[in-house]
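Input: a single structure, listed below in structure tokens.
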Amino acid sequence: MINTMDYQLKLASLISVVTKIPKEKLYFLIKEPTKGIEADWSINCFTLRSFIKKDGNEIAVEIEEKIRNIVHNHPFIFKVVRVGPYLNFILNEIYVFNELFTQVNKNFSSFVRSGFPQDNLITVVIEFPSQNTNKPLHLGHIRNIVLGQTLVSFHEFAGNSVHQVNLLNDRGVHICKSMLAYKRWGRNTTPNKSKLKPDHFVGKYYVTYSRHEAKLKQSVQKEIQELEEERKKSKTERDLAKIKKLKSVIQNSKYGKLQQKLTDMLVKWENGDPEVRKLWSKMNSWAISGFEQTYKIFDLNHEKVYFESNIYDKGREIVLDGLEKDYFVQLDDGAVIARFIKKGLPKEKVLLRSDGTTLYITQDIFLAMQKMKDYNYDMSIYVIGNEQDMQLRTLFEILSILGFSGKNIHYSYGMIYLKSGKMKSREGIIVDADNVVEDIRELSVQEVKNRYSNLSEKELNYRAQTIAMAALRFFILKYEYTRDFIFDLEESISFEGETGVYLLYVYARICSVFNKGIQDNIQVPYNPHKNAQIKWHYPSKIPAFSPYERNLILQLSKYPNVLFDSYKALKPHLLCRYLLELAQFFNIFYHECPILKEEKEIRELRLSICEIVRIILKHGLNLIHIDILTEM
RNA sequence: GGAUCCGUUGCCCAGCCAGGAUAAGGCACCGGACUUCUAAUCCGGUGAUCGCAGGUUCGAAUCCUGCCGGAUCCGCCA
């Protein structure tokens, strides 16, 4: 499909015709000029010197002449202006508006996809947020979920077949910690009885355990440190008697005994001890039912959930098979390892312990194979924070050694820090996901109340909830995803400036114009109350555009390209930045250009522009899972 | 110690892949705009040796090298 509104590409083709330089090469040389330059697109002919061995100014003069002869065949160009080595192109906004109006109204769906190739559709598995079941979701998970959902939308929009899955890490030492604490201090109470959200209830015991452990650890802190130092020494220098003594002191301390209890419980779990298993499934079901409440707020549904408890000891056969094929190496003690020489990877990675048991990475290998069996995917995206960069690189390298065919992508997003530093769930220093949502919601309840005191409780809550989620999602998505950021509820979540609320406001403003029009018996393109488009027509006459209208129209015409760039690079912030800019242009337009009180021709034109902004804004927000409001 | 990522105004952040004109926004601050289609908005102003030093280039925030500063990771844990 050809995107007729990709003027960058059209200009590249045009210049290609007169210079014989391939248009693919020219495409990226055509840029949007710095603000303040009167041009929509421009090319600096110095950049063409590798193709044409002349001075940049001369090249510009030559191209300009040649283009002048054929520019009348390209009505989308209004004017070409040469400034030194620069060729500046000014587009014909009436032509652009014409195309925009036609495409948006006649076939919106093919318009928004016009940057996307329609062949080559693929099957994609996207895994997130893959949390542990020992504590509630926190702010990091929110970023994970919000990013993951956006990737799902992007791929679905591209026409790919998308499978959204999760891996629940529901077994292991961390779960045993919550269990142990519950056994000791829980007194058989339940989330219901203690009036806690069930995952918070479970998390409470995890924190209790960790604090208790830290306290006990203190009494043998010195010994632990000494032991570590001794172990760091080379084998010949180690004082074996000292190590033995230190070990014994640690083991016999309260801390050591606690550690032993933990290990015992883990072994019991693995052996299927009924009592341990019963407690385990009880606590897990609490955690999961808590997660589900949070998922509901984020409208998160997985097609499939993999449970670590089902697969933790799988993958052994795959590794042994690899060993047989000499992909891996077996050590003297029986452990199977993979060796790497690539930069950025560890020298080796253990895949099977010397006793033959599996490790986390073994299960990861298995899961990759399982996903392939389940979905026969072309691409598998792991939405996981950048602290696991090395683990994922290692996993992908092993898969590649095994001749694994699927394309794996670690969608490695940045950490979220608090003013006080990194979140530490063990110490309970976290920003809890449910609390964040609740705090923002309360904030928006206040804001809505300040403006409208007479709303029904239901309407108030609906608006506040929509605004809160828009603010939260947009706040996360507007940052480039690899970037770390510092979260401070007070300062970070604002309803002014570059926010999701700013975008919602534009949408509500447009609806408000339409409502007023309907009220005054003026024909408008959309009825917000009925959520219905009204039969609309091309403006009967196009007078000259003001700069405010012109900016908006050109911005609107770029939408398909932004969508594709955003999808291609999996960078939601590109779409977010675009929508902000669109909203900015709209607010300026709204401020400068009266709509309903204008004469018919101008009114129809401006209403048409409003409607296109509304449609595109809604579409963009929908892709990043932000619901719109027709009144706010 | 090694690996990976990051460093742009008082603060937040885009631009870096594909080097070019006056480095784009937002917050905060100062000054303006609501008898008008929603002021959760708009207009104006103040504010940047793009971490430092070299190199490549006619030209570097962008590419290369070194250094400084910060984060993360480097388990037969999960």
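Structure summary
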| read-out | value |
| --- | --- |
| Matching entry among A:Glu229, A:Glu223, A:Glu213 (being over 30 Å from A:Val305 (Cα atoms), of a type in the set (Asp, Glu) and either in contact with an Asp or Glu (Cβ under 9 Å, 6 or more places away or on another chain) or surrounded by fewer than 13 Cβ atoms within 10 Å (Cβ to Cβ) (or both)) | A:Glu229 |
| Selection count where residues are surrounded by 19 or more Cβ atoms within 10 Å (Cβ to Cβ) and away from RNA strand B (no atom under 16 Å from the Cβ), scope region A:378-401 | 2 |
| Among (1) over 21 Å from A:Phe564 (Cβ atoms); (2) touching a helix residue (DSSP H, G or I) at 6+ places or on another chain (Cβ under 6 Å); (3) not polar (S, T, N, Q), the one test that A:Ile30 misses | (1) |
| All positions within region A:498-512 that are within 21 Å of the chain's Cα centre (by Cα), near RNA strand B (Cβ under 6 Å from one of its atoms) and of a type outside the set (A, V, I, L, M, F, W, C) | A:Glu498, A:Tyr502 |
| Selected residue (only one of A:Glu598, A:Glu592 is within 10 Å of RNA strand B (Cβ to nearest atom), without any contact (Cβ under 8 Å) to a residue 24 or more places away in the chain and more than 15 Å from A:Phe97 (Cβ to Cβ)) | A:Glu598 |
| Of all residues making up region A:565-581, the number that are near RNA strand B (Cβ under 10 Å from one of its atoms) and part of a loop (DSSP other than H, G, I, E, B) | 2 |
| Selection count where residues are within 26 Å of A:Gly414 (Cα to Cα) and out of contact with any strand residue (DSSP E or B) (no Cβ under 7 Å at 6 or more places or on another chain), scope region A:147-170 | 6 |
| Tally, over region A:320-343, of residues that are within 12 Å of RNA strand B (Cβ to nearest atom) and open to solvent by less than 40 Å² (accessible area, probe 1.4 Å) | 6 |
| Residue list for region A:514-530, filter: in contact (Cβ under 8 Å) with a residue 12 or more places away in the chain and in contact with a strand residue (DSSP E or B) (Cβ under 7 Å, 6 or more places away or on another chain) | A:Phe514, A:Pro525, A:Tyr526 |
| Qualifying residue in region A:451-467 (condition: without any contact (Cβ under 8 Å) to a residue 60 or more places away in the chain and buried (at least 20 other Cβ atoms within 10 Å of the Cβ)) | yes |
| Test: A:Ile522 is within 14 Å of RNA strand B (Cβ to nearest atom), assigned to a loop (DSSP other than H, G, I, E, B) and more than 32 Å from the chain's Cα centre (by Cα) | yes |
| Selection count where residues are under 19 Å from the mean Cα position of the chain (by Cα) and open to solvent by less than 70 Å² (accessible area, probe 1.4 Å), scope region A:278-315 | 6 |
| Residue list for region A:531-564, filter: touching a residue at least 60 places away in the same chain (Cβ under 8 Å), assigned to a helix (DSSP H, G or I) and either within 16 Å of the chain's Cα centre (by Cα) or farther than 30 Å from A:Leu472 by Cβ (or both) | A:Glu549, A:Arg550, A:Ile553, A:Leu554, A:Ser557, A:Leu563, A:Phe564 |
| Qualifying positions in region A:172-191 - in contact with a strand residue (DSSP E or B) (Cβ under 9 Å, 6 or more places away or on another chain) and surrounded by 21 or more Cβ atoms within 10 Å (Cβ to Cβ) | A:Ile175 |
| Unmet requirement for A:Asn107, which otherwise passes all of (1) within 15 Å of RNA strand B (Cβ to nearest atom); (2) out of contact with any helix residue (DSSP H, G or I) (no Cβ under 9 Å at 6 or more places or on another chain) | (1) |
| Test: residue in region A:361-377 that is crowded, with 17+ Cβ neighbours inside 10 Å and part of a strand (DSSP E or B) | no |
| Residue satisfying all of: in region A:587-629; polar (S, T, N, Q) and over 30 Å from A:Val152 (Cβ atoms); surrounded by the fewest Cβ atoms within 10 Å (Cβ to Cβ) among these | A:Asn587 |
| Restricting region A:403-424 to residues that are modelled with pLDDT of 85 or more and within 29 Å of A:Glu490 (Cα to Cα), the residue that is farthest from RNA strand B (Cβ to nearest atom) | A:Tyr411 |
| The lone exception for A:Leu443 - which of (1) at pLDDT below 95; (2) in the same structural domain as A:Ala214 (by TED's automatic domain parsing); (3) in contact with a helix residue (DSSP H, G or I) (Cβ under 8 Å, 6 or more places away or on another chain) it fails | (2) |
| Subset of region A:30-61 (residues that are in a helix (DSSP H, G or I) and open to solvent by less than 80 Å² (accessible area, probe 1.4 Å)) | A:Cys45, A:Thr47, A:Leu48, A:Gly56, A:Asn57, A:Ile59, A:Ala60, A:Val61 |
| Matching option when the condition is β-branched (Val, Ile, Thr) and outside any helix (DSSP H, G or I), among A:Ile615, A:Ile609, A:Ile595, A:Ile588 | A:Ile595 |
| One residue from A:Pro85, A:Pro33, A:Pro129, A:Pro75 being touching a His at 6+ places or on another chain (Cβ under 6 Å) and in contact (Cβ under 8 Å) with a residue 12 or more places away in the chain | A:Pro129 |
| Hey, A:Leu100 more than 23 Å from A:Met369 (Cβ to Cβ) and open to solvent by less than 30 Å² (accessible area, probe 1.4 Å) or not | yes |
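Per-residue answers, yes or no, for (1) farther than 24 Å from A:Tyr538 by Cα; (2) within 11 Å of RNA strand B (Cβ to nearest atom):
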| position | (1), (2) |
| --- | --- |
| A:Ser42 | yes, yes |
| A:Phe51 | yes, no |
| A:Glu58 | yes, no |
| A:Glu62 | yes, no |
| A:Ile67 | yes, no |
| A:Tyr86 | yes, yes |
| A:Asn92 | no, no |
| A:Val96 | no, no |
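This table checks each residue for (1) within 22 Å of A:Trp286 (Cα to Cα); (2) open to solvent by 40 Å² or more (accessible area, probe 1.4 Å); (3) in a loop (DSSP other than H, G, I, E, B).
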site	(1), (2), (3)
A:Gly115	no, no, yes
A:Gln149	no, no, no
A:Ser153	no, no, no
A:Leu167	yes, no, no
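The values are calculated or read from the model by the stated rules, or taken from the named source; none is laboratory data. Computed from a predicted model, the values in this text were never measured in an experiment. All Cβ positions, even for glycine, are placed from backbone atoms using ideal geometry, and neighbour counts span all protein chains on display. In case anyone asks, the SASA skips ligands and DNA or RNA and just uses the protein heavy atoms, side chains included. Shrake-Rupley method; radii C 1.70, N 1.55, O 1.52, S 1.80 Å.
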